[in-house]
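The values are calculated or read from the model by the stated rules, or taken from the named source; none is laboratory data. Values in this document were obtained by computation on a predicted structure and should not be read as measured data. Virtual Cβ from ideal backbone geometry, glycine too; neighbours counted across all protein chains shown.
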Amino acid sequence: MEYLKKLSRFIIPYKRYGILNIICNVFYALFSTLAMVSLMPMINVLFGEGKKITTKPIYSGLSEIKSYVGDSINYIITSTTEAHGAQRALLYMIVVIISLFLLKNLFNYLALYFITFLRNGVLKDLRNAIYKKVTSLPIAFYSEKKKGDIIARISGDVDEVKNSLLAVLELIVKEPLTILFAIVAMFLISVKLTIFVFIFIPVAGLIISRIGKSLKKKSTRVQKEQGVFLSTLEETLGGLKVIKGFNAEEKFNSKFQESTNRFFNFSNKLMNRQNLASPASEFLGIVTIAALLWYGGSMVLVEKTLSGGAFIGYMALAYQILTPAKAISKASYKVKAGNAAADRVLEVLDTTSALDDKEAAVEKSDFNSSIAIENINFKYEEDLVLKGFSMNISKGETVALVGQSGSGKSTIANLLTRFYDVSEGAISIDGINIQDMTKRSLRGLLGLVTQDSILFNDTIKNNILLGRQNASDEDVIEALKIANAWEFVKELPSGIETNIGDSGNKLSGGQKQRLSIARAVIKNPPIMILDEATSALDTESERLVQVALENMMKNRTSVVIAHRLSTIKNADKIIVMHKGEIVEQGKHDELIAKNGVYKNLVEMQTIQ
């Protein structure tokens with residue numbers, strides 16, 4: 001029940017299927033018991049042991065229900081035998097038994113039919129929820145978690161939860177009801193024999209529970225290790241050029257094999273513990289059946305207190321308890337594994353983000369006057385990356401941030417876009433603190449071009465439409481022209497419909513960067529952030545991209561983080577940073593004249 005409570009928010013939308021499953025399982029359990037009980041009168045007919053009753057019994061209340069039902073069956077058998085012979089009575093009994101088994105299996109199918117919608121619905125919603133959460137969590141979350149572990153949770157763990165849902169309903173409804181109905185019927189047949197049987201059941205239950213005690217822990221280890229080798233795989237695919245270039249294949253093979261060996265060992269321990277459940281429960285069941293045969297046989301042969309038909313029917317019911325008891329032991333293991341998987345999935349879903357929108361967050365759709373960065377401090381972990389940093393950017397102004405690596409330039413871009421929040425101080429747009437805006441409206445005002453051209457395995461058109469999804473083909477082509485990309489795109493076999501491969505690997509670095517610029521251009525934001533947009537390019541590509549950037553920055557407010565002098569020398573304001581602080585600011589010529597840090601950076605070719 002605790003397991004179902006954890007997943008209740010995902011189960012509730014499909015509760016009708018759960019209710020229908022429970023109803024069908026009730027009928028399944030009922031007809032399972034009736035099918036076994038119906039064997040008794042048939043055997044009595046075969047061996048002539050049935051009590052002959054020629055007068056129709058009269059119902060006299062619940063207290064006499066057992067004898068009334070038994071006498072009614074014997075009356076029907078007696079009257080049918082006298083009218084049509086024993087063979088006809090036997091035929092009727094066979095038809096009844098077949099009908100009961102048919103109904104049992106029909107309701108079993110219907111129970112599985114309805115639970116399918118619940119399981120697959122929960123699977124779909126869990127995957128959708130975790131994917132949505134993954135995209136909404138702050139960037140900082142992924143500096144602590146491995147991507148492969150997240151992939152393992154959204155695939156393997158969610159699938160484990162789906163499989164265990166059926167086991168849960170079997171554990172709390174189907175199998176317990178089957179056992180309960182069978183036990184009621186067994187008590188009605190013989191109280192003495194049933195009490196004898198119940199001496200063995202607690203012992204068997206104790207042994208089985210001890211087998212499954214450590215299963216959740218073992219299952220968690222398996223799932224965690226799956227995350228480790230998926231992370232290694234993800235890193236390998238992302239860095240294949242480096243691995244090959246440095247002849248590091250063996251090192252990564254070794255790392256991957258170490259993880260799969262641990263997975264192999266953990267999985268063996270888990271599966272062997274699970275596999276022990278079925279033979280252990282079956283052996284304990286057979287021991288119980290053997291004791292039952294000895295004690296029940298003496299009641300039939302020696303004490304003469306039980307008929308042969310009743311004893312065989314009782315044995316069938318006892319065996320019927322054995323099957324669901326085995327299923328419960330298996331299901332309990334599945335639930336433990338599912339519980340461990342659910343904990344891992346819910347850990348991500350229940351992660352709170354410090355960057356969530358405030359309840360009263362405002363929507364801002366335009367930019368009118370200025371961006372103010374006021375006395376901000378920021379640290380990723382312990383050390384301050386920015387210290388008392390202040391800057392004002394007027395509308396239409398281009399501000400360039402320069403400095404050596406680690407001076408905090410890219411951190412400014414991360415804070416403006418609210419990938420991170422400042423530790424102290426405030427950033428505001430038109431006098432409104434960006435923490436008081438919705439993230440969606442804030443990022444709607446911003447265009448971002450980064451050093452790494454992040455493109456997706458899709459067409460050129462669809463990559464650019466990320467900037468503005470309702471743009472026409474003409475808009476796409478115009479954006480490509482502004483970004484200096486149309487010259488190479490129009491030569492491609494399918495033009496803007498050309499697929500550019502995984503991460504755009506069918507294109508050169510310069511081509512990818514110009515597509516990134518086109519994506520920002522089509523968005524047409526009032527504020528543009530360029531984070532090292534040309535630092536990874538060769539001279540020719542850099543020249544083409546530089547023209548594209550200048551086209552894009554016209555009549556726009558821009559924050560430029562760059563190593564290249566060509567990108568920043570025409571900026572309205574250049575801010576020189578060192579260890580998170582501003583050391584100089586002004587125009588290019590003014591800073592050169594100061595003969596300070598900026599001039600030194602230029603001469604050292606830190607800015608080229």
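Considering the range 406-433 alone, what residues qualify as being more than 31 Å from the chain's Cα centre (by Cα), among the charged types (D, E, K, R) and not in a helix (DSSP H, G or I)? Of everything in the range 406-433, those that are more than 31 Å from the chain's Cα centre (by Cα), among the charged types (D, E, K, R) and not in a helix (DSSP H, G or I) turn out to be Glu424, Asp430.
Taking the residues in the range 412-439 that are hydrophobic (A, V, I, L, M, F, W, C) and surrounded by fewer than 16 Cβ atoms within 10 Å (Cβ to Cβ) as candidates, determine which candidate is nearest to Leu137 (Cα to Cα). Step through it out loud before you land on a result.
Here is the first cut: in the range 412-439, the residues hydrophobic (A, V, I, L, M, F, W, C) are 412-413, 415-416, 419, 422, 426-427, 429, 432, 434, 437.
Next cut, surrounded by fewer than 16 Cβ atoms within 10 Å (Cβ to Cβ) only: 426, 432.
Details: Ala426: 22, Ile432: 23 Å.
Going through the qualifying residues, I end up with Ala426.
Listed by first and then second residue, the pairs with beta-carbon distance under 6 Å, at least 6 apart or on different chains, first residue in the range 214-237 and at pLDDT 70 or above, second not in a helix (DSSP H, G or I), are Ser231/Lys146.
Find the residue count for the range 434-491, including only residues that are outside any helix (DSSP H, G or I), farther than 18 Å from Leu530 by Cβ and not aromatic (Phe, Trp, Tyr).
Applying the first criterion (outside any helix (DSSP H, G or I)) to the range 434-491 yields 437-438, 445-459, 465-472, 483-485, 490-491.
Going one step further and asking which of them are farther than 18 Å from Leu530 by Cβ, we end up with 437-438, 456-459, 465, 468-472, 490-491.
Still in the running and not aromatic (Phe, Trp, Tyr): 437-438, 457-459, 465, 468-472, 490-491.
Here the count works out to 13.
Can you find a residue that is under 15 Å from Val449 (Cα atoms) and more than 35 Å from the chain's Cα centre (by Cα) anywhere in the range 461-478? No: the range 461-478 contains no residue that is under 15 Å from Val449 (Cα atoms) and more than 35 Å from the chain's Cα centre (by Cα). Is it the case that some residue within the range 143-150 is at pLDDT 80 or above, assigned to a helix (DSSP H, G or I) and surrounded by fewer than 19 Cβ atoms within 10 Å (Cβ to Cβ)? Within the range 143-150 (the criterion being at pLDDT 80 or above, assigned to a helix (DSSP H, G or I) and surrounded by fewer than 19 Cβ atoms within 10 Å (Cβ to Cβ)), the answer is no, since none of the residues qualifies. Of all residues in the range 288-300, those that are assigned by TED's automatic domain parsing to the domain that holds Ala310 and in a helix (DSSP H, G or I) have Cβ atoms under 7 Å from Cβ atoms of residues that are at pLDDT 75 or above and aromatic (Phe, Trp, Tyr), 6 or more apart or on another chain, in Tyr295/Phe196; Gly296/Phe311; Gly296/Tyr314; Val300/Phe311.
Taking residues in the range 484-507 that are assigned by TED's automatic domain parsing to the domain that holds Ile522, and partners anywhere that are crowded, with 16+ Cβ neighbours inside 10 Å and acidic (Asp, Glu), not one pair has Cβ atoms closer than 6 Å while being at least 6 places apart or on different chains. The one condition from (1) crowded, with 23+ Cβ neighbours inside 10 Å; (2) hydrophobic (A, V, I, L, M, F, W, C); (3) at pLDDT 85 or above that Ile517 does not meet is (3).
Might you let me know whether the range 259-272 holds any residue that is in a helix (DSSP H, G or I), of a type in the set (A, V, I, L, M), closer than 30 Å to Ile189 by Cα and at pLDDT below 75? Taking every residue of the range 259-272 in turn, none turns out to be in a helix (DSSP H, G or I), of a type in the set (A, V, I, L, M), closer than 30 Å to Ile189 by Cα and at pLDDT below 75.
Scan the range 389-396 and give yes if some residue there is touching a residue at least 60 places away in the same chain (Cβ under 8 Å), within 14 Å of Gly425 (Cα to Cα) and surrounded by 16 or more Cβ atoms within 10 Å (Cβ to Cβ), otherwise no. Steps first, answer last, please.
Residues of the range 389-396 that are touching a residue at least 60 places away in the same chain (Cβ under 8 Å), as a first pass: 389-391, 393-396.
Checking the rest, the ones that are also within 14 Å of Gly425 (Cα to Cα) come to 389-391.
If we keep only those that are surrounded by 16 or more Cβ atoms within 10 Å (Cβ to Cβ) too, we end up with 389, 391.
The answer is yes, given that some residue of the range 389-396 is touching a residue at least 60 places away in the same chain (Cβ under 8 Å), within 14 Å of Gly425 (Cα to Cα) and surrounded by 16 or more Cβ atoms within 10 Å (Cβ to Cβ).
A count restricted to the range 423-444 and to residues that are modelled with pLDDT under 90 and touching a strand residue (DSSP E or B) at 6+ places or on another chain (Cβ under 6 Å) stands at 1.
Could you please let me know if Ala318 is assigned to a helix (DSSP H, G or I), hydrophobic (A, V, I, L, M, F, W, C) and within 35 Å of the chain's Cα centre (by Cα)? Spell out the reasoning first.
Details: assigned to a helix (DSSP H, G or I): yes; hydrophobic (A, V, I, L, M, F, W, C): yes; within 35 Å of the chain's Cα centre (by Cα): no.
No: the conditions fail for Ala318.
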